[in-house]
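The values are calculated or read from the model by the stated rules, or taken from the named source; none is laboratory data. Given the structure is predicted, the values throughout are model-derived calculations rather than measurements. With ideal geometry, Cβ positions are generated from the backbone for all residues, glycine too; neighbour counts draw on all protein chains shown. Protein only, heavy atoms only, side chains kept; ligands, DNA and RNA dropped before computing areas. Shrake-Rupley method; radii C 1.70, N 1.55, O 1.52, S 1.80 Å.
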Amino acid sequence: QVQFVESGGGVVQPGGSLRLSCAASGFAFSSYAMSWYRQAPGKERELVAVIGTSGVYTNYADSVKGRFTISRDNAKNTVYLQMNSLKFEDTAVYYCNAYQFTGATYKYDSWGQGTQVTVSS
């Protein structure tokens, strides 16, 4: 079955950095675009970043552009999110999923447990 295991979250001060990882299994990882989503308390889940199958194509939400970098290692079935210059508003639970450009949405209904990122002074 499809599985996502996110890790790397934590508590960081504003301006700090974190690197999230997501290990995926149960599907042909290298054949799918991948994405990171986040969900803050009381808010809907939002798309943060997308990466194409080879890693050449990337796209970001305006709110994180220039601060976050998505990357992937197809040999390890893992996608990463490097987060720099973190802001209070980046506080959320972060999730990964495969991504389908048709419909511009996540591919699988099953989600991992996510990893909590808290930006606090």
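Numbers for the structure displayed
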| item | result |
| --- | --- |
| Count - residues of region 64-118 that are farther than 16 Å from Glu6 by Cβ, part of a strand (DSSP E or B) and in contact with a strand residue (DSSP E or B) (Cβ under 6 Å, 6 or more places away or on another chain) | 1 |
| Flag if Gly26 is open to solvent by 80 Å² or more (accessible area, probe 1.4 Å) and at positive phi | no |
| Selection within region 31-73 - out of contact with any Ser or Thr (no Cβ under 6 Å at 6 or more places or on another chain), within 18 Å of Thr91 (Cα to Cα) and of a type in the set (D, E, K, R) | Arg38, Lys43, Glu44, Arg45, Glu46, Asp62, Lys65 |
| Selected residue (criterion: nearest to Val119 (Cα to Cα)) from residues of region 78-94 that are open to solvent by 20 Å² or more (accessible area, probe 1.4 Å) and within 14 Å of the chain's Cα centre (by Cα) | Thr91 |
| Residue satisfying all of: in region 2-36; among the polar types (S, T, N, Q) and outside any loop (DSSP other than H, G, I, E, B); farthest from Phe101 (Cα to Cα) among these | Ser7 |
